[in-house]
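The values are calculated or read from the model by the stated rules, or taken from the named source; none is laboratory data. Every value quoted in this text rests on a predicted model; they were computed, and no experiment measured them. In this analysis, Cβ positions are derived from the backbone assuming ideal geometry, glycine residues included, and neighbour counts consider all displayed protein chains.
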Amino acid sequence: MPLRVHEFDWPDRAVIGTVGPPGARTFYLQVRSGTRVMCVALEKQQSDLLAEKIDEILDQLITVEGNPFSVPSGTPPELVDNDQLDAVEEDFRIGAINLGWDPTTAQVVIEAYPLSDVEVDADDVVQMPDEDGIPETEILVLRMPVGTARAFAKRTREIVGAGRPACPLCGYPVDLDGHTCTLPED
């Protein structure tokens, strides 16, 4: 079974962005290294949780005596990326994400696995047929230095927060054409 790994070490760009209006947005994780671009779709909640967990890792690392990995407490200004996504061609939709830390390179590591029509265990890898009909395992592996990871998390939180406003009473999103509040019964 062939393994197709889309690996991006020290990418030129790694961002979460959206296509579509609030309420109908599609979220994408887009990575670029030189002319090579990969774009994978994911859910808003996956994006939000990914940013939260990246910040947790970085906040934990910054407390190590002497900050040996030079983790910034905020986003370095030179790494702020507010540009739109490059042309979007979806490579696959993310089903599972692994997040980790590589102390040998001082990088946050994201592994993204495609969504499958079949239920799989966390240790299983999704199989996709290649052009010969032989099942192929496909994953995206992204390694980001600490400053880039901090900027990635900040932008992701801003993108997630730029959607429809939440109803102050029930917390559900308010649509452009109105909102019927469904308060919980006492």
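See the values below:
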{"read-out": "Within the stretch 134-172, considering residues that are within 18 Å of THR26 (Cβ to Cβ) and among the hydrophobic types (A, V, I, L, M, F, W, C), the one surrounded by the most Cβ atoms within 10 Å (Cβ to Cβ)", "value": "LEU140"}
{"read-out": "Test: THR18 is hydroxyl-bearing (Ser, Thr, Tyr), within 22 Å of GLY161 (Cβ to Cβ) and either in contact (Cβ under 8 Å) with a residue 24 or more places away in the chain or in contact with a Pro (Cβ under 6 Å, 6 or more places away or on another chain) (or both)", "value": "yes"}
{"read-out": "Selection count where residues are touching a residue at least 24 places away in the same chain (Cβ under 8 Å) and more than 18 Å from THR104 (Cβ to Cβ), scope the stretch 53-72", "value": "4"}
{"read-out": "Subset of the stretch 83-114 (residues that are farther than 22 Å from ARG150 by Cβ, hydrophobic (A, V, I, L, M, F, W, C) and more than 14 Å from the chain's Cα centre (by Cα))", "value": "ALA87, VAL88"}
{"read-out": "Qualifying residue in the stretch 43-51 (condition: surrounded by 15 or more Cβ atoms within 10 Å (Cβ to Cβ) and more than 14 Å from the chain's Cα centre (by Cα))", "value": "no"}
{"read-out": "Selection from the stretch 155-181 of residues that are within 30 Å of GLY100 (Cα to Cα) and in contact with a Gly (Cβ under 8 Å, 6 or more places away or on another chain)", "value": "ILE159, GLY163"}
{"read-out": "All positions within the stretch 28-52 that are in contact with a helix residue (DSSP H, G or I) (Cβ under 7 Å, 6 or more places away or on another chain) and either farther than 17 Å from GLU111 by Cα or of a type in the set (S, T, N, Q) (or both)", "value": "LYS44, SER47"}
{"read-out": "Unique match (being modelled with pLDDT of 95 or more and farther than 27 Å from VAL174 by Cβ) among ASP121, ASP91, ASP59", "value": "ASP59"}
{"read-out": "Counted residues, the stretch 41-51 - those being farther than 13 Å from THR26 by Cα and in contact (Cβ under 8 Å) with a residue 12 or more places away in the chain", "value": "3"}
